[in-house]
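Everything below concerns the one structure shown next.
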Amino acid sequence: MSQLSDALLRFHQENPRNLPWRKDPSPYHVWVSEIMLQQTRVETVKGYFERFMACLPDVAALARSNEDLCLKLWEGLGYYSRVRNLRKAAMEIVKKHRGEIPCEVSDLKRLPGIGEYTAAAIASIAFHAKEVAVDGNLVRIYARLFARPLDPGSPKDRRLVALGFAEQMDIDPAIFNETLMDIGQLQCLPNGKPLCSTCPLRGFCIAHQREEEQKYPLAKKKTKRKTEDRTILILTKDDRVYLEKRPEKGLLSSLYQPMNLLGRWKEEGIRDYLEKKGYVLGSFENLGGAKHIFSHVEWHMTGWKIEVLASPKDALFVTQYEKETEYSVPSAFNAFLG
């Protein structure tokens with residue numbers, strides 16, 4: 001126990017990471033950073049975290065904020081339900097916990113968007129509770145350490161990893177968890193050959209001793225994505241561009257987008273469609289194609305830039321500055337909106 005914990009402690013002391021949320025690991029900073037880091041690279045998150053904190057520095061500010069602001073601050077990170085749940089959880093913390101983020105895992109898990117892993121991460125890093133924050137990284141490390149064919153998606157195997165690492169925890173839980181997270185991100189890599197020569201756990205690792213690192217854990221089963229053809233209409237009027245709000249539920253819910261139509265539309269069909277909606281049209285320009293991949297669907301898009309001479313009164317046309325500062329537009333449309 002003490003040997004593994006000591007190895008983690010030495011590695012932590014000798015390899016400090018300059019991450020903005022670690023400078024002041026308050027419960028709020030830990031919570032927001034952990035939500036941002038879900039399915040997102042650390043380097044990408046740094047700038048978003050600092051911008052988010054500059055605008056919404058505490059739970060009360062987040063609870064008071066409106067959804068459009070939160071979505072704008074999150075723009076480009078994807079998986080927008082994460083920030084919606086952040087805001088909902090902040091409102092619940094203010095209402096039920098007097099604005100203080102709870103320290104107990106059971107209470108944390110009752111908040112929107114906080115599951116087993118995030119609750120354990122907040123409790124261990126912010127409150128130093130003896131909890132193990134088990135994600136795919138920790139399952140991979142444990143599977144290799146003990147040469148176990150574990151399934152990262154199995155709740156049973158994750159519980160086994162949590163119990164196993166808890167037995168090895170003989171230092172500050174914050175240091176224990178953060179160091180294992182770092183090793184999973186920087187040494188014990190999921191794809192390709194892991195960097196065992198710089199890993200502090202190589203002397204304990206059975207898979208490394210057997211030269212079987214890439215055998216563990218079990219390979220994740222790939223699910224086939226469905227594909228959709230989309231026609232993206234960039235409507236411009238007096239140096240402004242048309243935006244519309246997506247539905248409140250479903251993919252990219254409540255974000256703003258250019259008008260887009262399911263399927264591949266030709267100019268004649270597009271012109272007829274828009275004229276029936278009350279648009280008077282000028283020039284058409286084919287912007288070519290682009291592709292955007294979501295977790296379960298892949299969009300194959302064709303873009304058209306269309307000059308609008310007159311439009312319905314309720315049509316929303318915004319300036320470039322307004323688009324960049326007020327309206328959250330998914331990166332899926334960057335190929336056409338710029």
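The values are calculated or read from the model by the stated rules, or taken from the named source; none is laboratory data. The structure displayed is predicted, hence computed values, not measured ones. In this analysis, Cβ positions are derived from the backbone assuming ideal geometry, glycine residues included, and neighbour counts consider all displayed protein chains. The accessibility values were calculated without ligands, DNA or RNA, using every heavy atom of the protein model including side chains. Shrake-Rupley method; radii C 1.70, N 1.55, O 1.52, S 1.80 Å.
In region 306-338, which residues are assigned to a strand (DSSP E or B) and either within 13 Å of Leu243 (Cα to Cα) or open to solvent by less than 60 Å² (accessible area, probe 1.4 Å) (or both)?
Filtering region 306-338 for residues assigned to a strand (DSSP E or B) gives 306-310, 317-318.
If the condition is that a residue be assigned to a strand (DSSP E or B) and either within 13 Å of Leu243 (Cα to Cα) or open to solvent by less than 60 Å² (accessible area, probe 1.4 Å) (or both), then Ile306, Val308, Ala310, Phe317, Val318 are the ones that fit.
Identify, please: which residue in region 144-160 is in contact (Cβ under 8 Å) with a residue 24 or more places away in the chain and part of a loop (DSSP other than H, G, I, E, B) and is, among those, nearest to Thr223 (Cα to Cα)?
By that ranking, first place goes to Gly153.
List the number of the failed condition for Ser254; all other conditions in (1) open to solvent by 20 Å² or more (accessible area, probe 1.4 Å); (2) in contact (Cβ under 8 Å) with a residue 12 or more places away in the chain; (3) at positive phi hold.
(1)
Kindly indicate whether any position in region 135-143 is open to solvent by 40 Å² or more (accessible area, probe 1.4 Å) and either within 19 Å of Lys215 (Cβ to Cβ) or in a helix (DSSP H, G or I) (or both). Working first, answer last.
To start, the set of residues in region 135-143 that are open to solvent by 40 Å² or more (accessible area, probe 1.4 Å) comprises none.
Taking every residue of region 135-143 in turn, none turns out to be open to solvent by 40 Å² or more (accessible area, probe 1.4 Å) and either within 19 Å of Lys215 (Cβ to Cβ) or in a helix (DSSP H, G or I) (or both).
Of everything in region 266-305 that's charged (D, E, K, R) and part of a strand (DSSP E or B), which residue is nearest to the chain's Cα centre (by Cα)?
The first filter runs over region 266-305 and keeps only residues charged (D, E, K, R), leaving 266-268, 271-272, 275-277, 285, 291, 298, 305.
If we keep only those that are part of a strand (DSSP E or B) too, we end up with 285, 291, 298, 305.
On the way: Glu285: 35, Lys291: 20, Glu298: 18, Lys305: 31 Å.
Only one residue fits best here, namely Glu298.
For region 47-108, list the helices (runs of 4 or more DSSP H) that sit wholly inside it and hold at least 1 residues that are among the small types (Gly, Ala, Ser) and within 22 Å of Ser328 (Cα to Cα); which are they? Steps first, please.
On the way: elements: 59-64, 67-74, 81-96, 105-108.
Passing ranges, in order: 59-64, 81-96.
Given (1) small (Gly, Ala, Ser); (2) at pLDDT 95 or above; (3) open to solvent by 30 Å² or more (accessible area, probe 1.4 Å), where does Gly303 come up short, assuming only one miss?
(3)
If you go through region 158-177 one residue at a time, how many are out of contact with any Leu (no Cβ under 9 Å at 6 or more places or on another chain) and among the acidic types (Asp, Glu)?
So the answer is 1.
Can you tell me which residue in region 203-232 is surrounded by the most Cβ atoms within 10 Å (Cβ to Cβ), limited to those that are outside any loop (DSSP other than H, G, I, E, B) and small (Gly, Ala, Ser)? Walk me through how you get there before you give the answer.
Step one: list which residues in region 203-232 are outside any loop (DSSP other than H, G, I, E, B), which gives 203-204, 206-209, 213-215, 226-232.
Going one step further and asking which of them are small (Gly, Ala, Ser), we end up with 203, 207.
Values: Gly203: 11, Ala207: 23.
Among those that are outside any loop (DSSP other than H, G, I, E, B) and small (Gly, Ala, Ser), it is Ala207.
Those residues that are over 20 Å from Glu43 (Cβ atoms), assigned to a loop (DSSP other than H, G, I, E, B) and at pLDDT 90 or above, I need them from region 171-202; list them, please.
If the condition is that a residue be over 20 Å from Glu43 (Cβ atoms), assigned to a loop (DSSP other than H, G, I, E, B) and at pLDDT 90 or above, then Ile171, Asp172, Cys199, Pro200, Leu201 are the ones that fit.
Scan region 265-275 and give yes if some residue there is farther than 21 Å from Glu324 by Cα, free of Cβ contacts under 8 Å to residues at least 40 places away in the same chain, surrounded by 15 or more Cβ atoms within 10 Å (Cβ to Cβ) and of a type outside the set (Phe, Trp, Tyr), otherwise no.
In the first step, residues of region 265-275 are kept if they are farther than 21 Å from Glu324 by Cα; the result is 265-275.
Narrowing further to those that are free of Cβ contacts under 8 Å to residues at least 40 places away in the same chain: 265-273, 275.
Narrowing further to those that are surrounded by 15 or more Cβ atoms within 10 Å (Cβ to Cβ): 265, 270-271, 273.
Of the ones still in play, those that are also of a type outside the set (Phe, Trp, Tyr) are 270-271.
For region 265-275, residues farther than 21 Å from Glu324 by Cα, free of Cβ contacts under 8 Å to residues at least 40 places away in the same chain, surrounded by 15 or more Cβ atoms within 10 Å (Cβ to Cβ) and of a type outside the set (Phe, Trp, Tyr): present.
Looking only at region 33-67, filter to residues that are within 21 Å of Tyr327 (Cβ to Cβ) and of a type in the set (D, E, K, R); which one of those is surrounded by the most Cβ atoms within 10 Å (Cβ to Cβ)?
Per the criteria, the residue is Glu67.
For region 215-230, does any single residue satisfy the condition of being of a type in the set (Phe, Trp, Tyr), more than 30 Å from Gly303 (Cβ to Cβ) and under 27 Å from the mean Cα position of the chain (by Cα)?
Let us first name the residues in region 215-230 that are of a type in the set (Phe, Trp, Tyr), namely 216.
Going one step further and asking which of them are more than 30 Å from Gly303 (Cβ to Cβ), we end up with 216.
The next check asks that each one be under 27 Å from the mean Cα position of the chain (by Cα); those that pass are 216.
Taking every residue of region 215-230 in turn, at least one turns out to be of a type in the set (Phe, Trp, Tyr), more than 30 Å from Gly303 (Cβ to Cβ) and under 27 Å from the mean Cα position of the chain (by Cα).
Taking only pairs six or more apart or across chains, which ones have beta-carbon atoms under 6 Å, a first residue in region 116-136 that is at pLDDT 95 or above, and a second residue that is open to solvent by less than 10 Å² (accessible area, probe 1.4 Å) and among the β-branched types (Val, Ile, Thr)?
Taking only residues 6 or more apart or on different chains, the pairs are Ile122/Val30; Ile125/Val30; Ala126/Val30; Val134/Val161.
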